[in-house]
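Report on the following structure.
The values are calculated or read from the model by the stated rules, or taken from the named source; none is laboratory data. Please read all numbers here as calculations on a predicted model, not as lab measurements. Cβ sites come from the backbone with ideal geometry, for glycine too, and all protein chains shown count toward neighbours.
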Amino acid sequence: MTQLPTNRMEAWRWTDLAALEAARATVRGGVPAIEGLWIEGDGPRLVFRDGEFQLDLSTPGEVSIEPIAPVTAHPLGSATAGTGWRLTLDAERAVTGIQIVHVATGNENHLPGLIELGRDAVASVVETFVGNGWTNRLTTIRLAEGARLMRSVRLLQASGFVSLREEAEIGQAASLASVFLGAGGASSRVDGELVVAGDGGFAEMGGALLTRGEQRQECAVTVRHAALDGASRQIWRAVAADRSAVSLAARVDVARGAQKTDGEQSLRGLLLHRTATVNLKPELEIFADDVKCAHGATVGELDRQALFYLQSRGLPEGPAKAMLTRAFVADAIDRIGEDAVREAFAADAEAWLSEAL
Amino acid sequence: MTDTAVAPKNAEALAAANKKYEWGFATEVEQEFAPKGLNEDTVRYISAKKGEPEWMLDWRLKAFRLWQTMEAPDWAKLNVPPIDYQDAYYYAEPKQKKTIASLDELDPEIRRTYEKLGIPIAEQEVLAGVEGARKVAVDAVFDSVSVATTFRKELEAAGVIFRSISEAIREYPDLVRRWLGKVVPQRDNYFATLNSAVFSDGTFVYVPEGVRCPMELSTYFRINAENTGQFERTLIVADKGAYVSYLEGCTAPMRDENQLHAAVVELVALDDAEIKYSTVQNWYPGDENGVGGIYNFVTKRALCQGRNSKVSWTQVETGSAITWKYPSCVLNGENSVGEFYSVAVTNGRQQADTGTKMIHNGKGSRSTIVSKGISAGRSDNTYRGLVRVAPGAEGVRNFTQCDSLLLGDQCGAHTVPYIEVRNPSAQIEHEATTSKISEDQMFYAMQRGLDQEAAVALIVNGFAREVLQQLPMEFAVEAQKLLGISLEGSVG
């Protein structure tokens, strides 16, 4: 593959590249169980083991397996070229409840994905990552006029490194809403470039990254507004315990002429221990004058007043803290529209929190 | 506002935009130059010219050797044309060099330059000996050498040392040696290292323990000789319990060739000391096509070393073709305070990448960042900031607000804040907004009888009010005018 980036590069300064190298050097081993990972529903189900499609475990439905040649300049994304999965829907078709489980057993695996939705088509895709080693993905998304895609991604790998690259082009009045939850033991980088190319398009990318031990997770997302009346939301929450670190870098670009853009960023970090780190970089790059772009960023510990309030109502300190932390994470996860998916994600976050707190 | 109302205003605005740089002039005074180019001999020449001791020359040479191994930074959102460091003079001084008691004895040519610089009336009154006028000490840096320092006696009575840095190196070598390069080390960054090697002159201030400096100290920088890079070095040390307010302001003559200005400012605040550093910068920004104009690549940093020490940076940046400037505070002292108030205006084809760093190492240290960026014309204005909280720094607080105002649809406003927190007790808040002047605001102001430019100036001054309030009186008035002048012709 092409040269790996280094921490000396501005866009990669917070990335845990050492963990990536270490994950890559592992050898393939046992296969983790996946039965418990399915969310209720009768949509298509796909399983990939180390990037290889597992036909016997899958009911792919509308999703096809075929060679994909992604067009990307991304150093990790470009390494995924090869056979991958593809979801192409014609105008006004709707396929919801697609679930994809990626199982890694060690070493490295790469896989491209492609989602193309025709005019007014609707789809929802849930992806879950489990196992060990370096898992590298590129997902290319193209939404035609009025298309809607809901994407939910869980990073539950026990160890290793997960790098995700999302490249989306959002057409007129189309909508992409994606939520990421990092609640495993692996380090990660969620890297995205969403282009709102048609007037009135909507892009959302957000989520919660929870880290502990020596783990480091990060997001590096750019939403680019290239058309009129676009809107975007980037709502990220970071919870860092022990000696771990979460880095949230989110950027809104407003191109010359992309008037009436409404961009919103909210990056918030919560430090559970004094050895943990949260890095934030809410970035704006604006070339149009009639836009509304605001960002808020905060880092700290739990609000003492809220904690005191709960304790004064009879809640012991531990549960009070847990409740506030849960609410903090819920800001991001509650953006998921489908009840079953939201509940599953909340349960994963809950499991993480009950172990960490 | 309707379209019909806008059309004639546009013509008016256009006429205003075509106005030439009001402060563009050059004074012809004989100058002595170091040979063009930069090598060890240039460094030796400068050092010898200033009669510096051996340790200073070694210090410069060490920096120069380091500089040769470094590369110019390219991470800023700036488009910097390649600079030929060999095609510049690194030292120029007015030939008539004698110590004088007052500005009256100055070369009349230089006096006229000061007048055009618009030294505030209050100050001119003081210079003319008017009774009861507020006192401001002026250390006039005419090109590279301090030509006159007034009020030295009154300052000396208070124990304040206010010298050009070359004088200070000769007269107070121990004091200078102790602090020079302690805040901005020689190897800090490309431009600071270059400055360390070839700095021409600058200011040294030492305020002794418990002294409140009896007047505001001010310096007027002026880049005057064609093709002369100016490398100012400022070092201000406030000892325990001391207080000093320092003002820096400048304009520059019109030139066709780009001029590099790479200054270094170092501030040190010991226990309970406070330094207030205010800047109004109005260097030549280049013509309407962006030709000429100053490159302002400045390293400014404060060390809040002592308990309860405080440093406050206030800047109004309206000039320069390219600005690369991040006045920072290293908050080592317990309960130390860092403040940064900035208004940066870009118009025409100006580029500004400016902001601050607040490095919290001390327990209970606090910082406030208020940055107002105003972009007009075809310019780009970037706020770049860092707030870092070290693991041992308990109870740190930071509040950051960066607002951008866009005038017109051909300019850009960017915000690049970095927040790195390694202590859970920190409370870090960051807010940013981007807006434009609304038609309602304009309509209201104009309906009250203001013309378009006055209305814009009024609204912009309101937008920047929180920062302008931080400036000392003399500067606040000047700065308000400057904002209006800088934005002339930018709204139509």
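Of all the criteria given as (1) buried (at least 19 other Cβ atoms within 10 Å of the Cβ); (2) more than 20 Å from A:GLY207 (Cβ to Cβ); (3) modelled with pLDDT under 95; (4) within 14 Å of chain B (Cβ to nearest Cβ), the one not satisfied by A:HIS225 is (3).
Take the conditions (1) in a strand (DSSP E or B); (2) in contact with a Pro (Cβ under 9 Å, 6 or more places away or on another chain); (3) among the polar types (S, T, N, Q); A:THR96 misses just one of them, which is (2).
What do you reckon, is B:GLY377 more than 21 Å from the chain's Cα centre (by Cα), over 14 Å from A:LEU284 (Cα atoms) and without any contact (Cβ under 8 Å) to a residue 12 or more places away in the chain? Walk me through it before giving the result.
On the way: more than 21 Å from the chain's Cα centre (by Cα): yes; over 14 Å from A:LEU284 (Cα atoms): yes; without any contact (Cβ under 8 Å) to a residue 12 or more places away in the chain: no.
No: the conditions fail for B:GLY377.
If the condition is being more than 7 Å from chain B (Cβ to nearest Cβ) and free of Cβ contacts under 8 Å to residues at least 60 places away in the same chain, then segment A:268-291 contributes only A:LEU270. Within the set A:LEU37, A:LEU20, the sole residue that is under 20 Å from the mean Cα position of the chain (by Cα) and within 15 Å of A:GLU108 (Cα to Cα) turns out to be A:LEU20.
Of all residues in segment A:297-323, which are facing another protein chain (nearest Cβ under 7 Å) and touching a Lys or Arg at 6+ places or on another chain (Cβ under 8 Å)? Show your work before the answer.
If we filter segment A:297-323 for residues that are facing another protein chain (nearest Cβ under 7 Å), which is where we start, we get A:297-301.
Of everything in segment A:297-323, those that are facing another protein chain (nearest Cβ under 7 Å) and touching a Lys or Arg at 6+ places or on another chain (Cβ under 8 Å) turn out to be A:ALA297, A:THR298, A:VAL299.
In segment B:51-79, of all residues being buried (at least 17 other Cβ atoms within 10 Å of the Cβ) and closer than 30 Å to B:VAL291 by Cα, the one that is nearest to the other protein chains (Cβ to nearest Cβ) corresponds to B:ALA76. Of all the criteria given as (1) more than 27 Å from A:TRP352 (Cβ to Cβ); (2) surrounded by fewer than 23 Cβ atoms within 10 Å (Cβ to Cβ); (3) over 14 Å from the mean Cα position of the chain (by Cα), the one not satisfied by A:ILE170 is (2).
In the set A:THR140, A:THR128, A:THR105, only one residue is closer than 25 Å to A:ALA227 by Cβ, in contact (Cβ under 8 Å) with a residue 40 or more places away in the chain, outside any loop (DSSP other than H, G, I, E, B) and among the hydroxyl-bearing types (Ser, Thr, Tyr); that residue is A:THR140. Among residues of segment B:420-454 being within 7 Å of chain A (Cβ to nearest Cβ), within 27 Å of the chain's Cα centre (by Cα) and of a type in the set (D, E, K, R), the one that is nearest to B:ILE485 (Cα to Cα) is B:LYS436.
Does A:VAL246 satisfy being within 12 Å of chain B (Cβ to nearest Cβ), in a strand (DSSP E or B), touching a residue at least 24 places away in the same chain (Cβ under 8 Å) and buried (at least 19 other Cβ atoms within 10 Å of the Cβ)? Even if it seems obvious, please write down each step before you answer.
Working: within 12 Å of chain B (Cβ to nearest Cβ): yes; in a strand (DSSP E or B): yes; touching a residue at least 24 places away in the same chain (Cβ under 8 Å): yes; buried (at least 19 other Cβ atoms within 10 Å of the Cβ): yes.
Yes.
In segment B:261-367, counting only strands (runs of 3 or more DSSP E) that sit wholly within it, the ones holding 1 or more residues that are touching a His at 6+ places or on another chain (Cβ under 9 Å) span B:294-304, B:328-331, B:337-346, B:351-354. Looking only at segment B:395-413, residues that are buried (at least 18 other Cβ atoms within 10 Å of the Cβ) and of a type in the set (Asp, Glu) come to 1 in all.
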